Amino acid sequence: MPKPPPNPPSSEITPEAVYADRRRFLKNAALFAATAAGAGAGLVWLTGGLKPGSRATPRAGEPTRTGARARGPYDTGEPQTPFEAVTTYNNFYEFGSNKDDPSRLSGAFRTRPWTVVVEGEVRRPQTFDVDALLAAFPAQDRIYRMRCVEAWSMVIPWRGFPLGDLLRRAEPTSNARYVAFTSILDPKEMPGQRRGYLEWPYVEGLRLDEALHPLTILASGLYGRPLPNQNGAPLRLVVPWKYGFKGIKSIVRIALTREQPPTTWNVAGPDEYGFYANVNPAVDHPRWSQATERRIGEVARRPTLPFNGYADQVAGLYAGMDLARYF
Ligand code: MTE
């Protein structure tokens, strides 16, 4: 995406990197239905047979396309981005900076055994085996929009549990104001960590009230299946009103802190990526507009919504804040 020092190639922002590899270019062209000739057929494939604008999820009470379940209160009814696109067009710089690197290079990455430490300003610090953690906090399905800071978006059916449930279990002290997240550091298994384009491990953070918001989940699956490695197995953060880079993958540590923690992209490019990173069509990225986005699988751009369409639920968290300053 972005421009950390030195600038990594990105198939989105730096198309030369894609054109350099004809096979990859053709694949991405199909994925985006980017060519005029391919657009019609591509769209049908991308939407799994659904026409753009048709509902992928039924109204409450109706069976879904897959017969899985009815739509819940947190779900968008917009057509879901096909599994194929969700799992092959990824940002996971630990495995490389091209969109297809994570799916090509993360297959052998081992996500068991895996421990997640919850510590810092809590009365009950704890180290969890990830399977025990997942057993302790029953999974829910959530169909969320995902808006990347690079101005593309998807609709993803996640499976996960509210982060707040875990944080409350740990009993934050009165000093806790932020939550700091850390991804795994494993340069042997993660080729991107042997390159210096970002500081490792990847870190992220939220204000405590953001972390406790019911929309904020720790996801362990998508499309009703275990989370693929390229999407951040075994456990990743999903905060649907923020740019996708806040959704830190393959988490090993969650620490409650007094001070605002450093975050990877903010450290790499403080003028380009803020701590808050709330989706905001009114505040452009220095190198491109955030007013519109390209929903993967669609040809025309669509307007980007404040807080990614979740303003009713979350705008109150930022009452009185200058969102251009705290971007
Ligand atoms: N987490 C880690 N550890 N490393 C990363 O490079 N990329 C982020 C975020 N989480 C990233 C990460 C970015 S830029 C985005 S847009 C989302 O993951 C992409 O999630 P997806 O590949 O599941 O769509």
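The values are calculated or read from the model by the stated rules, or taken from the named source; none is laboratory data. Everything numeric here is computed off the predicted structure, so don't read it as measured data. Cβ: placed from backbone, ideal geometry, glycine included. Neighbour counts: every protein chain shown. To get the accessible areas, we keep the full protein, side chains included, count just its heavy atoms, and leave off ligands, DNA and RNA. Shrake-Rupley method; radii C 1.70, N 1.55, O 1.52, S 1.80 Å.
Not counting ligands, DNA or RNA, and with a 1.4 Å probe, what is residue 166's accessible surface area in Å² rounded to the nearest 10?
Approximately 0 Å² of residue 166 is accessible to the 1.4 Å probe.
Taking the Cα centre as origin and putting +1 on Lys and Arg beta-carbons and -1 on Asp and Glu beta-carbons, what dipole magnitude results for segment 113-164, to the nearest 20 debye?
Result for segment 113-164 is approximately 240 debye, rounded to the nearest 20.
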